[in-house]
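Let me begin by presenting the structure, written as structure tokens, before commenting on it.
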Amino acid sequence: MKQVVVFLLIGALAPVFGQVLSAQALPPDLVCDGSYHHRTLRHVVIPDDARCVITDSRITGNVRTTGAPRVVSITDTAVSRNIHVRNVVERVTIGAAGCRVDPVAGRNLMVRNSRNVAICEMSIANNLVVRDNRGTLMIRDNKACNNLRVVGNHVRSLRVLRNSYAGNFSVARNSWVDRGIVRDNVDLHQNPSACRRK
């Protein structure tokens, strides 16, 4: 009789412990306010007033901001899904530190309503959208496997240089004080699916 009760108890608890064990195997989520290096993370949320710096890491999910973070810096880090950054008060840097490697955004990279944005040497599987930003804006040496849109930014200087795209290219309704340079951007002349396979 005791053996039957023990087997029933083990059978009833196995699904619970199985879920706990499989949840532990997933990378952790991160509410980012600080510096993080050489980590594997699932989803990253950057809260109001945060200074988030992530380098040499891997993010298997999404990156997004809430509120108005001070600094968002994601360098030499592959992101498997989307990067949605908005309302950053001081600085946004996404891409390669020193532009030496080629980080990946698995889906979209979107930066909105932020200040002092630099996006450098990223490979984006879908859209790169930068809109409604202030300060300075540099978008250079990126590959977007769909649309590349730089729209509605009112900045001190704007540089959109040496990017490639497979969908539409739009640099429109921007204004700048010192300098506006848009040059050497290349249409890949291929559909987004073919672009993603390369």
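What follows draws every value from the coordinates through simple rules; no lab data is involved. Here the structure is a predicted model, which means the values were calculated and not measured. Here the Cβ positions follow ideal geometry from the backbone for every residue, glycine too, while neighbour counts run over all protein chains shown.
Numbers below:
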read-out: Extension gain (nm, one decimal) between Ser35 and His189, 0.36 nm per residue minus Cα-Cα; value: 51.5 nm
read-out: Residue order, fewest to most surrounding Cβ atoms within 10 angstrom, among Arg173, Arg64; value: Arg173, Arg64
read-out: R0 of 22 Å, Cβ-Cβ distance Arg156-Asp49: FRET efficiency to nearest 0.05; value: 0.40
read-out: Length released on extending from Glu90 to Arg179, taking residue separation times 0.36 nm less the Cα-Cα span; value: 30.0 nm
read-out: The range 27-197: proportion of alpha-carbon pairs further apart than 24 angstrom, %; value: 29
